[in-house]
Amino acid sequence: MGLDRPLFSRRRMLALLLAGAAVPARADAPKTSLRPRRRGETAPPPLPDTRAAGTLVAAAKLGGAVGFVLADAKTGLVIEAEGGDLPLPPASVAKAMTALYALEKLGAGHRFGTRLLGTGPVVDGVLQGDLVLVGSGDPTLSTDHLGDMARTLAARGVKRISGRYLAYTGALPGVAAIDRDQPDHVGYNPAISGLNLNFNRVHFEWRQGGGGYAVTMDARAERFVPAVTMARMQVAQRDLPVYTYAAGQGGDNWTVAVTALGKGGSRWLPVRQPDIYTPEVFQTLARAQGITLPAAEVVRDLPAGTALAEHVSEDLAVILRDMLKFSTNITAEVVGLAASGAPTLEASGRAMSDWAAARFGITARFVDHSGLGGASRISAADMAAALVRARGTTSAAMLAGLLREVGMRDATGAVAEGHPTRVLAKSGTLNFVSGLAGYIVPSEGRELVFAIFCADVARRDRLTLAERELPEGGQAWTKRARRLQGQLLHRWGTAFV
């Protein structure tokens, strides 16, 4: 990357001026802050030759573009940058912005509730009216939670109902898939509903026998393993494609290639119609408690009724901690949709983009809240600016505590065990896209903010749908990108803290 090319536009320089700190506009800019020092103030250390960082980027041989920014977390002074003004896909690094957004809009103590309402009294074991399964979009709801609710309903004396069994899903807009450019069968790209269950995944298991293959589909959790009929699987006599999917009137229809199965195995598949899946699983669990329910009817308007059972999620802060640790896409989308109140996922992404612009003075385009959509764009400069400008706010202070510790690195980019400097960050990976952003926190010295984005967008865009689950060269590219990120962390942790 040429050292004589401007790193930031005038607009971006102004966006990064925090508390009077000036931003070097070029890699060969003055090696000290352009802000006049106050009397008694210590001069910042001189910057080393930035060509060292450029050499690391060139050696990674990633193609496409690389953008990174390192800044002082307190003042916002940009210490080192290369390609920082390039808008690139953030992948799951977007979840850090989603966490800030949700904490500010919903509050750290926000909880999602799932309830059973009765529209009439219980007389001699019969609910005189409708039973309503009411969802709030809880992304952490599991089969075990529904099983406990079924037990509570049985303890209330309910054996059957005189009216309808309703499933209210109107708390969130229905989304068939987070990103339509992903293969149908990948579990990290589920549907979204006001009633989500098991991260909207179904467990597919197969065993070879004398007469062919026995297949099962279930909604297992730790304590309950109910069979599922709405997700159906057929073994097909073919080599490719491995899976096919078609939406049916009453559920999800899958086929799998016989040559891909071997003697046995299992995997999680996405649920594309959670409005059918979740109420069916509860119906099965209720039956095990001696409660007979008719087939569910999905409604978008919430009926009035009396609460008969309820499950309440953990606080939002706990949910976000797990989201950032395990990078659960459905959690990011649910909390983002709940925060925005928008009618579609696309509109919700725009709402978060507008919020980021107003809140942090940055320019970003989010098409979702998880980063799964490859059309999202943010520059390393804007990501770092947001993390700096968020400092001092309750949500940002909490974010630092929720981020996963990824570890300081050695000169090869590998984790340096026992290093006194902590790195709290969110990583992100798509095909030929890799990002890392967060905080470098030394035991002594100044805290730093950084953002690193690597992307070969043209190579990613050339992939066919069939290639997107495991593209040729993708794993090696990601390994090189992560090694580069580790080498930059080592450079910064050694030279600047």
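The values are calculated or read from the model by the stated rules, or taken from the named source; none is laboratory data. The structure displayed is predicted, hence computed values, not measured ones. Virtual Cβ from ideal backbone geometry, glycine too; neighbours counted across all protein chains shown.
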Single unsatisfied condition, Ala176 versus (1) aliphatic (A, V, I, L, M); (2) surrounded by fewer than 23 Cβ atoms within 10 Å (Cβ to Cβ); (3) in contact with a Leu (Cβ under 6 Å, 6 or more places away or on another chain): (3)
Among (1) crowded, with 22+ Cβ neighbours inside 10 Å; (2) of a type in the set (Val, Ile, Thr); (3) not in a strand (DSSP E or B), Val186 falls short only on (1)
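For residues that are in contact with a Ser or Thr (Cβ under 9 Å, 6 or more places away or on another chain), over 17 Å from Asn189 (Cβ atoms) and not small (Gly, Ala, Ser), scanning just the stretch 336-353, find the one that is surrounded by the most Cβ atoms within 10 Å (Cβ to Cβ).
Here the residue is Met352.
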Say whether the condition of being in contact with a helix residue (DSSP H, G or I) (Cβ under 6 Å, 6 or more places away or on another chain) and either at positive phi or without any contact (Cβ under 8 Å) to a residue 40 or more places away in the chain (or both) is met by at least one residue in the stretch 170-190. no
Complete set of residues in the stretch 287-310 that are closer than 28 Å to Val225 by Cα and either at pLDDT below 95 or not in a strand (DSSP E or B) (or both): Arg287, Ala288, Gln289, Gly290, Ile291, Leu293, Pro294, Ala295
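Which of the residues spanning the stretch 163-179 are of a type in the set (A, V, I, L, M) and assigned to a loop (DSSP other than H, G, I, E, B)?
Going through the stretch 163-179, the residues of a type in the set (A, V, I, L, M) turn out to be 166-167, 171-172, 175-178.
Residues satisfying the conditions are Ala171, Leu172, Ala176, Ala177, Ile178.
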With a cut-off of at least 3 residues that are under 21 Å from Gly109 (Cα atoms), of a type in the set (Lys, Arg) and in the same structural domain as Gly187 (by TED's automatic domain parsing), name the helices (runs of 4 or more DSSP H) lying wholly within the stretch 327-401. none
Might you let me know whether the stretch 447-463 holds any residue that is free of Cβ contacts under 8 Å to residues at least 24 places away in the same chain, out of contact with any Phe, Trp or Tyr (no Cβ under 6 Å at 6 or more places or on another chain) and more than 21 Å from Leu86 (Cα to Cα)? no
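Where in the stretch 48-158 are the strands (runs of 3 or more DSSP E), entirely inside, with at least 1 residues that are under 29 Å from the mean Cα position of the chain (by Cα), closer than 23 Å to Ser340 by Cβ and in contact (Cβ under 8 Å) with a residue 24 or more places away in the chain? Steps first, please.
Values: elements: 65-72, 78-82, 113-118, 131-134.
Passing ranges, in order: 113-118, 131-134.
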Do you know which of the residues in the stretch 231-264 that are among the small types (Gly, Ala, Ser) and farther than 27 Å from Glu297 by Cα is surrounded by the fewest Cβ atoms within 10 Å (Cβ to Cβ)? Gly262
Restricted to the stretch 464-483, and to residues that are of a type in the set (A, V, I, L, M, F, W, C) and surrounded by 15 or more Cβ atoms within 10 Å (Cβ to Cβ), which residue is nearest to Ala411 (Cα to Cα)? Ala481
